[in-house]
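See structure below.
The values are calculated or read from the model by the stated rules, or taken from the named source; none is laboratory data. Note that the structure is predicted; figures quoted are calculated from it, not measured. For neighbour counting, all protein chains shown are included, and Cβ atoms are generated from backbone atoms with ideal geometry for every residue, glycine included.
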């Protein structure tokens with residue numbers, strides 16, 4: 001049950017390289033794994049295990065959402081904590097040639113278009129400031 005979290009932690013704790021570009025895909029995979037695990041457990045056969053998985057899935061979806069979406073601004077939840085994928089993590093994933101294609105696949109077509117339009121606007125604004 002916790003093995004996917006271990007894999008995600010190890011992927012993000014690189015000492016030599018920044019791994020922020022991996023965050024959107026890791027969050028996507030963790031969410032799918034939690035959802036699939038919840039569906040695989042029979043509530044009647046393992047009620048305590050089901051309750052734990054249900055709570056984990058609910059907490060995960062509260063923090064990250066049910067799907068990966070692009071937002072031009074970070075979304076803040078309770079006590080000012082950022083929820084959803086931080087926009088800079090999506091920037092890193094979409095602008096890195098190693099993770100761009102896989103990240104584009106987990107975003108909707110509309111989110112992909114919004115992301116690239118936003119990036120173009122940001123680049124243009126930086127260019128005008130110089």
| Of all residues in region 16-59 being within 10 Å of the chain's Cα centre (by Cα) and surrounded by fewer than 18 Cβ atoms within 10 Å (Cβ to Cβ), which is farthest from residue 105 (Cα to Cα)? | 30
| remark: Of the listed residues (26, 22, 30, 53), the one being touching a helix residue (DSSP H, G or I) at 6+ places or on another chain (Cβ under 7 Å), more than 20 Å from residue 92 (Cα to Cα) and either part of a helix (DSSP H, G or I) or touching a residue at least 40 places away in the same chain (Cβ under 8 Å) (or both) is 53
| message | Being modelled with pLDDT under 90 and farther than 17 Å from residue 112 by Cβ: is that true of residue 38 here? | response | yes
| said: Whether any residue in region 64-84 is surrounded by 14 or more Cβ atoms within 10 Å (Cβ to Cβ), assigned to a helix (DSSP H, G or I) and more than 11 Å from the chain's Cα centre (by Cα) is what I want to check. | reply: no
